[in-house]
1. Which of the three applies to region B:182-230, rounded, prolate or oblate, going by the alpha-carbon gyration tensor with a ≥ b ≥ c and a/c under 1.5 meaning rounded?
2. Going 7 Å from Cα along the Cα-Cβ axis for the label, what nanometre distances separate residue A:34 from the same residue across the other copies?
3. Which residues' amide hydrogens lie under 5 Å from the amide hydrogen of residue A:75, considering only partners 5 or more residues apart or on another chain, with H built in the peptide plane?
4. Ordered by residue, what ³J(HN,Hα) values in Hz, to whole numbers, does region A:87-96 give under the Karplus form 6.51 cos²θ - 1.76 cosθ + 1.60, where θ = phi - 60° and Gly and Pro are x?
5. If I take the rotation axis that carries chain A onto chain B, which residue of chain A has the nearest beta-carbon, and at how many angstrom?
6. Classify region B:43-120 as rounded, prolate or oblate, taking a ≥ b ≥ c as the square roots of the eigenvalues of its Cα gyration tensor: rounded when a/c is under 1.5, otherwise prolate if a/b is larger than b/c and oblate if not.
7. Give the aspartates and glutamates reachable from residue A:194 as a straight Cα distance under 12 Å; neighbours fewer than 8 places away on the same chain don't count.
8. Evaluate the charge dipole of the protein assembly as shown about its Cα centre and quote only its size in Debye, nearest 20, assuming +1 on the Cβ of each Lys and Arg and -1 on the Cβ of each Asp and Glu.
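A short reminder: the numbers here are calculations on the coordinates, not readings from a lab. Fair warning: this is a prediction, and the values are worked out from it, not measured in the lab. We place every Cβ from the backbone using ideal geometry, glycine too, and count neighbours over all the protein chains shown.
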Number of protein chains: 2
Amino acid sequence: MINQNIKIAVDAIVFGYHNGIVYVLAVQQKFGKLANHWVLPGGFIRDDEPLIQGVERELQEETGVTVSYLEQLKTFGDDVARDERFRVISVAYFALVNPKNFVLKADTDAKNAKWFAIKDVPKLGYEHNEMVQLAHARLKNKLTYQPIGFDLLDQEFLFSDLENLYCSILEQDIDRRNFRKKILSFGILEETGKVVKKGSSGRPGELFSFDKEKYDQLLKDNFQFEIKFA
Amino acid sequence: MINQNIKIAVDAIVFGYHNGIVYVLAVQQKFGKLANHWVLPGGFIRDDEPLIQGVERELQEETGVTVSYLEQLKTFGDDVARDERFRVISVAYFALVNPKNFVLKADTDAKNAKWFAIKDVPKLGYEHNEMVQLAHARLKNKLTYQPIGFDLLDQEFLFSDLENLYCSILEQDIDRRNFRKKILSFGILEETGKVVKKGSSGRPGELFSFDKEKYDQLLKDNFQFEIKFA
DNA sequence: TCAAAAGTGTTCGATATACACCCATGC
DNA sequence: GCATGGGTGTATATCGAACACTTTTGA
C-alpha cells in the first residue's frame, strides 16, 4: 500500500479585460493560516471530480464567475512545507472571462472576491504570485498565435477594441492599418453590419464578431493564426 | 480536515533518437492489475520530494536512464476509476536523452525497460498512450522554436545529423542549403574544427557543437530561435 | 468648424523559397 | 572513375514594416 500524505488542489488564474486594463481575480481567505490574505480562487479536488470540473465548481462557489476559456497551465507542488498537516500539490488553470461575466455575482458568498488590475496584484498566499506571473506570460504569448483575445471581448466588438486589447496586453504600440489588414486577412471575423459609436463623439465604427466555426474549419486546412509586431 | 483519497504519481515520456528513428522509453510492470503490461516509467511521489526529483528518481530506478532535458508536460487525472483503491493523478513529464544515455544500463533492475520506435509503441496501460501522443506533438512543435534538437544528438555532430533529425521528427523533406543557412545564421553553433566521415565512403564532414552560453546570451537580447519549412 | 474616432493603399526592405553543381573521400 | 555524402550561391516571391490623409459624427 502506498504511504503518501499529499492533497490535491486546483487554482485558477482568471483574466478579465476592460478599457485597456487587464484584471486578475482573487479571493480573500476566511479561515486557516492565511485568513484575510488574498489568494487565487481554488480549492481541494473531490475524489470523483475531473480536475477541470473542480476548477469550475470552485470558481462558481467562491466568485460566481463563469469563464469562457479554460486550460491547464502547470502543476505546482514543490513547496513541500506549505501546510503543516500535509503537502499540497496544486494544478493551476489559466482562464479568461467575457466582459459580461466580469462582474461578480452578488448572490453568492463572493463578497471576498475582487478583481485586481494586473499591475496592482497584492502579495498572494502560497505560490500564487508565481502562478499569476506564469499565466500572464502565457496570455501575452498566446495572444500572438491563438485567437484568444476574443474571449476577453464582448461577442460583438469594434476593431478598435481588439486593437486596444492587443496594445494593452502586449504593452506596445501597434500600427492600426497593418493590424486590421492582418486580422481581416485571416477571414475569421464576421461583419455584423451594425455600427455603433464609442464615447460621445467620433465616427461610428462597425461591429465584428469572431467566427469560431470558420476558424475551426480553417484549422483543419493547416491554417495558422499568427500575428507579430515590430 | 480534508477528506480526499487521491494519490499523486509522475510519469515520463522519454524520447531518444538514433539513425532517423525516434524512440520512446517504456517499462514492463511487474505487479498489480497491469502486471506484464508496458507502461511509461514513473511512479508515486514521496511526501518530501519535489516532483521533478521524483521523475528523475523513478527513471533512475526503473530504467537507469539519465535525461538531458526535462520539463513538465501536463497533469492527467480524470480517469477517476483507474485504480480501485484510490484515484491517481499523474503529472506527466517530457524528456529527451542523449545518444550516450540511450543505452539501458544493465546494472539496474532495468531488464524490463525497452526503447520502442515511436511508430511501434504498443498499447500502454492507464492514459499513457495519450501522454505519448501529446508529448510527441510537443516534440515536433518545440523543435521549431527551441533548440532542443541538440539534446537528442551527441555533443559533437555533423550538420547532416541535425538535418536528418529535423527531417525524421517533422516527417518532411528539408532543403539542405536553406536549413544550413538558417541554423548558421543564429550563431549558436561552434565549429570544432574536427572532421569525420560517416559510413565508409563520402567526403568527411565538419563537427559542430551547440554553444549553450551563446544561446542564453542571445536570449537576453530578445533573440528568437525559429525555423519553419515549406 | 473643430475635436474625436474610423476607415483606407502604397512603397520598400527583409526574409523565405526554390533550385543544381562541385568537392573530398574510399573502394 | 564511380559511388557516397559534404559543401556552397543566386534569383524570385512573399510578407512584414513604415507611413498620412480622408470620412463621419457630435458638440
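1. Oblate shape, in that a/c is at least 1.5 and b/c is the bigger or equal ratio.
2. Spelled out, the distances from residue A:34's label point are 3.3 nm.
3. Placed amide hydrogens put A:92 under 5 Å from residue A:75.
4. Per residue, the Karplus-derived 3J(HN,Hα) values read 7, 10, 10, 10, 8, 8, 10, 9, 9, 10 Hz.
5. Rotation axis A onto B, closest Cβ, rounded to whole Å: A:75, 2.
6. prolate
7. Correct list for residue A:194: A:156, A:206.
8. 800
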